[in-house]
1. What does the highest-first list of 307-315, 177-185, 58-66, 19-27 look like by mean Cβ count within 10 Å?
2. Restricting the count to DSSP beta bridges whose residues both fall in the chain, what percent are antiparallel, rounded to a multiple of 5?
3. Where nothing but the Cβ of Lys and Arg (+1) and of Asp and Glu (-1) is charged, how large is the charge dipole of the stretch 2-178 around its Cα centre, in debye to the nearest 20?
4. I'd like the distance separating the alpha-carbon centroids of the stretch 10-51 and the stretch 253-293, in whole Å.
5. To the nearest 10 degrees, how steep is helix 180-202 against the longest Cα principal axis of the chain, on a 0 to 90 scale?
6. Regarding the stretch 2-178, what whole-number volume in Å³ per residue does the convex hull of its Cα atoms give?
7. Kindly identify the stretch 1-84 as rounded, prolate or oblate by the Cα gyration tensor criterion: order the square roots of the eigenvalues as a ≥ b ≥ c, call it rounded if a/c is under 1.5, otherwise compare a/b with b/c, prolate if a/b is larger, else oblate.
8. Of the DSSP beta bridges with both residues in the stretch 2-178, give the percent that are antiparallel, rounding to the nearest 5.
Amino acid sequence: MRAAVLGTGSWGTTFAAVLADAGCDVTLWGRRDDVCRDITLEHRNEEYLPGIELPAGLTASTDALSVLDGADLVVVAIPSQSARATLEPLADHVAPGATAVSLMKGVELTSDRRMSQVVAESLAIDYERVAVVSGPNLAREIAERQPTATVVAAVDEAVARRVAAGCATGYFRPYTHTDVVGVELCGAAKNVIALAVGIAQGRGLGFNTMATVITRGLVEITRLGLALGADAETFPGLAGMGDLMATCASPLSRNHTLGSHIGQGLTLEQALAVTGGTAEGVKSSRSILELGASVGVEMPITSAVVDVLHGGLPVDELAPLLLGRPHRAEGL
């Protein structure tokens, strides 16, 4: 199977290495000549995965059309808010019958569309040909070939199985699902919950607070998913609780790290500069909140994060805002 991976950041490069280890012929596309040369000639991506040895057969190029030529899988691993503008010029160059795979975890600001929808629209392909990958997938750990599992979801089970077969290795175990809505919402919304946990921990709050925010965050994500037609069984699984735990607890999570910097008193601009890379939850928090409002779902944690990041709410008011809500029975 020939795979084109669009994006040479940490997750795109890591997933390309997984595909290569699984036996695929893989080429990455990136904007920077130096990163592409590093991957092709040195089998490294020191910019995003320092110290990691990449599979010898992995190559990269800044020529998107040559990378896409004949690809059976088109894997998209670029920042979610720039996806549409990047993909639309490439639509005519996707091979007939190719499967698109979204690694992105966000909701488009201008439309509140999920990334699988953006990919299908931008590349002008049938939605049934789009799969999404989500789970407890911290790129650095996978690049080190530490064992993990993930979820590959597509509305067509055969498409999900095909993608899963292309990325299954001894250390990367894909499970398949047809609940694209639920899997994608888990992947996008957990970043916002990780920001909240990071902010709380940056203020010196402990594990009780972390457990409270994670648990109630899962309830918040589940409410949104069910309102949009997702499968309830998705949320306590790998794409839901699994990814939420990893993203909220690990210092490798950019969203958690950025939240921690905010909690320590940095401005958003300063925190973004210190964290580096893309913390998808910063921008997606607003579109996820809008999505919830559109279906009448109350999202207090997401709302509080938006108020802190974009509304000027002091970080010391975050916890009281979450815990000062009317008393009620626990549950959805």
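Here, each number is a calculation from the coordinates, and none is a lab measurement. Small disclaimer: the values here were computed from a predicted structure and weren't measured. For neighbour counting, all protein chains shown are included, and Cβ atoms are generated from backbone atoms with ideal geometry for every residue, glycine included.
1. Sorting 307-315, 177-185, 58-66, 19-27 by mean packing, highest first, produces 177-185, 19-27, 58-66, 307-315.
2. Of those bridges, close to 15 percent are antiparallel.
3. Once rounded to the nearest 20, the dipole reads 380 debye.
4. One Cα centre to the other: 26 Å.
5. Taking the Cα atoms of the chain, the angle to 180-202 is about 50 degrees.
6. 100
7. rounded
8. 15
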